[in-house]
Amino acid sequence: MHDKSGVGRPVNDGEDFWVFGYGSLMWRPGFRYIERQIATVRGYHRALCIYSHVHRGTPEAPGLVLGLDRGGSCKGVAFRVDGERRKETIEYLRERELVTLVYTERLVHLVLDSSGIPISALAYVVDRAHAQYAGKLSREISLQMILQGVGQSGENTEYVRNTHAHLVDLGIKDRDLDWYAARLTTASAEFGQASV
């Protein structure tokens, strides 16, 4: 894969680098890091805008997962990674995030919330030209897709609940995920009563 971002370039001095997580990377990064901080990126927002054909759904019954889409802003988690682990970390992230190439690897500018320090971080941004880009679906259609989605990494409902719970733990407000989490709780309660 051609690396347009420059993040995969060799670093001679072992310089640390940052990775920005806004979805499952926040609660299941899968790589070693030195520190993690809440950070804000401007010009992008978190959205359930990607049809999941692998991790949380299939091509026949897709789920919906988060993408970093154009416009607005997004609070998430910035992970500082030891420069000596650059190659292995980026290889891991590419294997995880670029399965169907619906994401593009980019360096984004963000601000660490605790200090106001601006940094650049590796992030995975949705490719709007990709066939798996769902765009802005109605909440009702999105909810149905979340309820049906099951893939290699498990149920789509688990993904949405875990992401929402982690945002709540961090004190990050996301109105859309608040709405989905509430509906998923209701749907689970209704399903439990129906199966008794």
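The values are calculated or read from the model by the stated rules, or taken from the named source; none is laboratory data. Predicted model, so just to flag it, every value in this text is computed and none were measured. Because the Cβ atoms are built from the backbone with ideal geometry, glycine has one as well, and the counts that use them run over all protein chains shown.
Is it the case that the range 61-83 has a residue that's aromatic (Phe, Trp, Tyr) and farther than 20 Å from Asp127 by Cβ? Yes, there is a match, as at least one residue in the range 61-83 is aromatic (Phe, Trp, Tyr) and farther than 20 Å from Asp127 by Cβ. Screening Ile172 on (1) assigned to a loop (DSSP other than H, G, I, E, B); (2) modelled with pLDDT under 95 shows it passes everything except condition (2).
May I ask you to say which residue of Tyr124, Tyr180 is outside any helix (DSSP H, G or I) and among the hydroxyl-bearing types (Ser, Thr, Tyr)? Explain how you work it out, then say what you get.
Working: Tyr180 fails: outside any helix (DSSP H, G or I).
The match here is Tyr124.
For residues that are closer than 15 Å to Gly149 by Cβ and either in contact with a strand residue (DSSP E or B) (Cβ under 7 Å, 6 or more places away or on another chain) or hydrophobic (A, V, I, L, M, F, W, C) (or both), scanning just the range 28-55, find the one that is surrounded by the fewest Cβ atoms within 10 Å (Cβ to Cβ). If we take residues in the range 28-55 being closer than 15 Å to Gly149 by Cβ and either in contact with a strand residue (DSSP E or B) (Cβ under 7 Å, 6 or more places away or on another chain) or hydrophobic (A, V, I, L, M, F, W, C) (or both), then Val54 is surrounded by the fewest Cβ atoms within 10 Å (Cβ to Cβ).
Within the range 75-106, the residues that satisfy the criterion of being in a loop (DSSP other than H, G, I, E, B) and either of a type outside the set (Asp, Glu) or under 22 Å from Ala134 (Cβ atoms) (or both) are Leu98, Val99, Thr100, Leu101, Val102.
For the range 68-86, filtered to residues that are in contact (Cβ under 8 Å) with a residue 40 or more places away in the chain and farther than 20 Å from Glu35 by Cβ, the residue that is surrounded by the most Cβ atoms within 10 Å (Cβ to Cβ) is Leu68. Does Thr58 qualify as being outside any helix (DSSP H, G or I), surrounded by fewer than 18 Cβ atoms within 10 Å (Cβ to Cβ) and of a type in the set (S, T, N, Q)? Taking the combined requirement at face value, the residue satisfies it.
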